[in-house]
């Protein structure tokens, strides 16, 4: 794949318990990104955070949250990321979406990928 140079980083912040059509929202977003042909995705589960309601969600041993923060990242060309935004708009009821300019130094796929 020829992704190199200036690109866009799409970062999505949602809750672990957020749903889309009865399934975890983060899973649905990653699958839609794959269908859209985006270069790749990573999902990160946070150990603590808060959002628009200022309610703290934490993974402390004595108080396990059922709604930990989740961050999803995609990196691809500006055109592909921009084309994907309307899809996200129809999926995310509550959360934060950000865009950043990034420089891709290399994007390598193994021969078995």
- Based on the Cβ-Cβ distance of residue 27 and residue 6, what FRET efficiency does E = 1/(1 + (r/R0)^6) give at R0 = 35 Å, to the nearest 0.05? 0.75
- Query: Beyond 21 Å, what share of the Cα-Cα pairs of segment 5-104 remains, rounded to the nearest whole percent?
  - Reply: 34 percent
- Query: Length gain on complete extension for the stretch residue 19 to residue 67, per 0.36 nm per residue less the alpha carbon to alpha carbon distance?
  - Reply: 16.2 nm
- Sticking with the crude label model, points 7 Å out along Cα→Cβ, report the distance from residue 45 to residue 83 in nm, one decimal please. 3.3 nm
- For residue 98 paired with residue 34, estimate the spin-label separation in nm (one decimal), with each label point 7 Å from Cα along the Cα-to-Cβ line. 2.7 nm
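Coordinate-derived values only; no laboratory data. Computed from a predicted model, the values in this text were never measured in an experiment. As a convention, Cβ positions derive from the backbone with ideal geometry for all residues, glycine included, and neighbour counts pool all protein chains shown.
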